[in-house]
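Before any comments, here is the structure.
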Amino acid sequence: MRAARGALQVETVTSKILESNLPGDPHVRELHVYTPPGYEQGSERYPVIWCLAGFTGRGRSFLNDAAWVPSLNERMDLLIATGRSRPAILALPDCFTHLGGSQYINSDGLGRYEDHLVEELVPLVDERYRTLGVGHRGVMGKSSGGYGAIIQGMRQPDVFSAVACHSGDMGFELCYKRDFGPAMRRIRKFGGVAGWLKQFQAQPRKRSEDFPALDTIAMAAAYSPNPKNPPSFCDLPFDLETGELLPHVWSRWLEHDPLMLVDRFTKALSSLKLLFLDCGTDDEFYLDAGARHMAKKLTALGIRHEHEEFDDGHMNIPYRYDVSLPKLAAALAA
């Protein structure tokens, strides 16, 4: 079926909030915005779904062309054309960093990406587009984007009224510790974090053996930042000599684990129009266990939610957006 096409706009955002980030990552960013078919000819107002890219991605990565895999705008066009989804505006922010991502939170080591999203980007879209505004904004994402979505639902329920978390980072004991051994060895090979960063940044083609180190350092920059420790501006959660876990640092990571935050944000999560979680049963980072644990906690607390599992892993699962986008659009239209 050939679906009517929505339009894509690219907003250039000069961020005052990101201007002073320690690593010097760009403070001028692109924000891609999808408007549904018929937007230009009408006067109707629409809900907005904020789409958060996963680790090493940015907003425009949702629009990548791949064989047999529709881009997010094409996917939304088809969902609307077939009556599976109500129309909605999609907003795709760029919160990429030199380490691959920000986790969409504020960090003294990376920058204030949560504030950038909530205080700069959300008002910009409400000002420039025909949105329904407060009570009609949702947030979704996969992996680190799923983490960002559920964290925003917890901390910003007055901004985002519905959440879809696909394979989001949670259950840190399982999903992150698996990388610590390989990360330790790789970082030590180059004499420490500074040496590892230098060689990684110089590579024209990134090597797979560097990704456990990249992921670990990036998460440390988000969860255990240390502005006095350049060039990574973070504290690692393990000893580089022995691999011994450092409890005083690891405890800082756990303070950001959604599983550890549920009890604090019961009221916020209960207020959401939709809280949707899913994960593949063969997820390579064991995030399926984290999602089941989260669903168990939510049930015990009496928080309304939907939890689904599917037969797949962590990679190449954008087809799951066919499930979440209609749910979000329906919840936010109410």
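Summary of computed values
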| quantity | calculated |
| --- | --- |
| Count - residues of region 231-244 that are without any contact (Cβ under 8 Å) to a residue 24 or more places away in the chain and not charged (D, E, K, R) | 1 |
| Any hit, region 105-118, residues being among the aromatic types (Phe, Trp, Tyr), closer than 25 Å to Pro318 by Cα and either surrounded by fewer than 24 Cβ atoms within 10 Å (Cβ to Cβ) or outside the structural domain of Leu287 (by TED's automatic domain parsing) (or both) | no |
| In region 160-186, the residues that are surrounded by fewer than 24 Cβ atoms within 10 Å (Cβ to Cβ), assigned to a loop (DSSP other than H, G, I, E, B) and touching a strand residue (DSSP E or B) at 6+ places or on another chain (Cβ under 8 Å) | Ser161 |
| Count - residues of region 1-26 that are part of a loop (DSSP other than H, G, I, E, B) and within 17 Å of Ala88 (Cβ to Cβ) | 4 |
| Only listed residue being within 28 Å of Ile317 (Cβ to Cβ), touching an Asp or Glu at 6+ places or on another chain (Cβ under 6 Å) and charged (D, E, K, R), chosen from Asp278, Asp210, Asp257 | Asp278 |
| Residue selected from region 187-218 under the condition basic (Lys, Arg) and assigned to a helix (DSSP H, G or I), by the criterion surrounded by the most Cβ atoms within 10 Å (Cβ to Cβ) | Arg188 |
| Any hit, region 27-44, residues being part of a loop (DSSP other than H, G, I, E, B), of a type in the set (Asp, Glu) and under 27 Å from Gly111 (Cα atoms) | no |
| Residue that is farthest from Phe211 (Cα to Cα), among those in region 44-84 that are free of Cβ contacts under 8 Å to residues at least 12 places away in the same chain and under 19 Å from the mean Cα position of the chain (by Cα) | Ser71 |
| Search result, residues across region 199-238 that are hydroxyl-bearing (Ser, Thr, Tyr) and over 26 Å from Glu114 (Cβ atoms) | Ser208 |
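The values are calculated or read from the model by the stated rules, or taken from the named source; none is laboratory data. What you see is a predicted model; the values in this text were computed from it and never measured. So basically every Cβ, Gly included, is an ideal-geometry build from the backbone, and we count neighbours across all protein chains shown.
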